[in-house]
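Read through the structure below, which is laid out as C-alpha coordinates, and then see the notes.
The values are calculated or read from the model by the stated rules, or taken from the named source; none is laboratory data. Keep in mind it's a predicted model, so treat the numbers as computed, not measured. We place every Cβ from the backbone using ideal geometry, glycine too, and count neighbours over all the protein chains shown. The area values use the complete protein model at the heavy-atom level, side chains included, leaving out ligands, DNA and RNA. Shrake-Rupley method; radii C 1.70, N 1.55, O 1.52, S 1.80 Å.
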Amino acid sequence: VLAVPVLFKQALENMETEEGKSISLRCELTKADATVVWKKGEAALQASAKYEMKQKGTVAELVIHNAEPEDA
(Lines give C-alpha, C1' and ligand atoms only; values in the text may rest on other atoms or scores of the structure.)
Protein backbone atom coordinates (compact mmCIF):
# COMPACT_ATOMS: atom_id res chain seq x y z
CA VAL A 1 0.00 0.00 0.00
CA LEU A 2 1.42 3.36 -1.01
CA ALA A 3 1.05 6.19 1.46
CA VAL A 4 -0.18 9.44 -0.03
CA PRO A 5 2.15 12.27 0.98
CA VAL A 6 0.75 15.20 2.91
CA LEU A 7 1.14 18.44 0.98
CA PHE A 8 0.35 22.09 1.67
CA LYS A 9 -2.90 23.29 0.12
CA GLN A 10 -2.18 26.74 1.53
CA ALA A 11 1.37 27.51 2.64
CA LEU A 12 2.39 29.94 5.36
CA GLU A 13 2.50 33.60 4.43
CA ASN A 14 4.79 36.25 5.88
CA MET A 15 2.97 38.30 8.50
CA GLU A 16 3.82 41.29 10.62
CA THR A 17 2.64 42.39 14.04
CA GLU A 18 3.58 44.91 16.69
CA GLU A 19 5.98 43.96 19.46
CA GLY A 20 4.07 42.61 22.47
CA LYS A 21 1.02 41.54 20.43
CA SER A 22 -0.09 38.05 19.42
CA ILE A 23 0.10 36.75 15.88
CA SER A 24 -1.47 33.69 14.26
CA LEU A 25 0.26 31.72 11.49
CA ARG A 26 -1.85 29.19 9.58
CA CYS A 27 -1.34 26.59 6.90
CA GLU A 28 -3.72 24.15 5.26
CA LEU A 29 -2.79 20.55 4.50
CA THR A 30 -4.15 18.01 2.04
CA LYS A 31 -4.81 15.47 4.80
CA ALA A 32 -6.79 16.04 7.99
CA ASP A 33 -5.07 15.59 11.34
CA ALA A 34 -1.60 15.09 9.85
CA THR A 35 1.22 15.53 12.35
CA VAL A 36 2.57 19.09 12.20
CA VAL A 37 5.85 20.20 13.77
CA TRP A 38 6.44 23.95 14.00
CA LYS A 39 10.09 25.01 13.84
CA LYS A 40 12.15 28.14 14.17
CA GLY A 41 15.23 27.40 12.11
CA GLU A 42 16.15 23.84 13.02
CA ALA A 43 14.63 23.96 16.52
CA ALA A 44 11.16 22.46 17.03
CA LEU A 45 8.85 24.74 19.02
CA GLN A 46 7.12 23.34 22.09
CA ALA A 47 3.70 24.39 23.36
CA SER A 48 4.12 26.97 26.13
CA ALA A 49 2.72 30.25 27.38
CA LYS A 50 4.40 31.84 24.34
CA TYR A 51 3.63 29.26 21.63
CA GLU A 52 0.14 27.84 21.20
CA MET A 53 -0.40 25.13 18.58
CA LYS A 54 -3.88 24.33 17.28
CA GLN A 55 -5.07 21.91 14.64
CA LYS A 56 -8.56 21.32 13.34
CA GLY A 57 -9.04 19.07 10.37
CA THR A 58 -6.67 20.21 7.63
CA VAL A 59 -5.82 23.59 9.19
CA ALA A 60 -2.79 23.91 11.47
CA GLU A 61 -2.22 27.13 13.41
CA LEU A 62 0.61 28.55 15.50
CA VAL A 63 -0.18 31.47 17.78
CA ILE A 64 2.81 33.42 19.07
CA HIS A 65 1.93 35.43 22.16
CA ASN A 66 3.86 38.55 23.20
CA ALA A 67 5.77 38.70 19.90
CA GLU A 68 9.35 39.94 20.01
CA PRO A 69 11.84 40.76 17.22
CA GLU A 70 13.58 37.43 17.99
CA ASP A 71 10.43 35.62 16.81
CA ALA A 72 11.08 36.65 13.19
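Go through ALA32, ALA44 for me and flag whichever is hydrophobic (A, V, I, L, M, F, W, C) and either at pLDDT 95 or above or more than 25 Å from VAL4 (Cα to Cα) (or both). Walk me through it before giving the result.
On the way: ALA32 fails: either at pLDDT 95 or above or more than 25 Å from VAL4 (Cα to Cα) (or both).
On inspection, the qualifying residue turns out to be ALA44.
Can you tell me how many residues in segment 1-58 are more than 27 Å from GLU70 (Cβ to Cβ), among the hydroxyl-bearing types (Ser, Thr, Tyr) and open to solvent by 60 Å² or more (accessible area, probe 1.4 Å)?
Counting residues in segment 1-58 that are more than 27 Å from GLU70 (Cβ to Cβ), among the hydroxyl-bearing types (Ser, Thr, Tyr) and open to solvent by 60 Å² or more (accessible area, probe 1.4 Å) gives 1.
Before we move on, is VAL63 open to solvent by less than 60 Å² (accessible area, probe 1.4 Å) and assigned to a strand (DSSP E or B)?
Yes.
Between a residue in segment 36-47 that is without any contact (Cβ under 8 Å) to a residue 60 or more places away in the chain and under 23 Å from THR58 (Cβ atoms) and any residue that is hydrophobic (A, V, I, L, M, F, W, C) and part of a strand (DSSP E or B), which pairs come within a Cβ distance under 6 Å, given they are 6 or more apart or on different chains?
Note: pairs meeting the criteria are VAL36/ALA60; VAL37/ALA44; TRP38/LEU62; ALA47/MET53.
Checking LYS21 against (1) touching a residue at least 40 places away in the same chain (Cβ under 8 Å); (2) of a type outside the set (S, T, N, Q); (3) assigned to a strand (DSSP E or B), only one condition comes out false. Which one?
Only one criterion is unmet by LYS21, namely (3).
Report, ordered by the first and then the second residue, all pairs with beta carbons closer than 9 Å, sequence separation of six or more or different chains, a first member in segment 58-71 that is in contact (Cβ under 8 Å) with a residue 24 or more places away in the chain and among the aliphatic types (A, V, I, L, M), and a second member that is part of a helix (DSSP H, G or I) and open to solvent by less than 60 Å² (accessible area, probe 1.4 Å).
If the second residue must be part of a helix (DSSP H, G or I) and open to solvent by less than 60 Å² (accessible area, probe 1.4 Å), the pairs left are ILE64/ASP71.
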